[in-house]
Amino acid sequence: MAENKVLFGTAGEEVTVTLPGGGGTGYVWKPLDIPADTKIRKEFSPPTGFGGMGSEAVKLTFQAPGEHQVTLGFTSPSQEVERTETFTFKIK
């Protein structure tokens, strides 16, 4: 299980988590556990070298202050979760 990471932000503003992935493999980061009123969008960055892995920026906007936990799954094209990352967001 991955270590829980703590990030800080402000309600109504985006907080970005950048994770390795993407790059034409079909694998993507998907929310597995996320507060219902949280807005999410993603941006992909291609690999910087030949055959390398790109990155995926997951941008979250929390509507209310407080502590929010989010779990993201690195998901294969067949929808199997290969690994997870859990984050705690402390939002003011």
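The values are calculated or read from the model by the stated rules, or taken from the named source; none is laboratory data. From a predicted model like this one, the values you see are computed outputs, not experimental measurements. Neighbour counts are summed over all protein chains in view; Cβ atoms, including those assigned to glycine, are modelled from backbone coordinates with ideal geometry. Just so you know, the surface numbers come from the protein's heavy atoms only, side chains and all, with ligands and any DNA or RNA stripped out. Shrake-Rupley method; radii C 1.70, N 1.55, O 1.52, S 1.80 Å.
Report the label-to-label distance for Thr38 and Thr18 in nanometres (one decimal), using points 7 Å from each Cα along the Cα→Cβ vector.
Taking the simple label geometry, Thr38 and Thr18 are separated by 2.0 nm.
Given contacts defined as C-alpha pairs under 8 Å and at least six residues apart, what's the relative contact order of the chain, whole-number percent?
39
Quick one: go through the range 52-92 and flag any residue whose amide nitrogen is under 14 Å from the point 7 Å out along the Cα-to-Cβ line of Lys5.
55-60, 70-74, 84-90
If DNA, RNA and ligands are ignored and the probe is 1.4 Å, what is the ranking of Ser55, Ser76, Ser45 by accessible area, most exposed first?
Working: Ser55 35, Ser76 10, Ser45 55 Å².
If we order Ser55, Ser76, Ser45 from most to least accessible, we get Ser45, Ser55, Ser76.
Rounded to a whole number, what % of the accessible area of the chain do carbon and sulfur atoms account for, probe 1.4 Å?
53
Rounded to the nearest 0.05, what FRET efficiency is calculated for Thr48 and Lys92 with R0 set to 35 Å and r the Cβ-Cβ distance?
0.50
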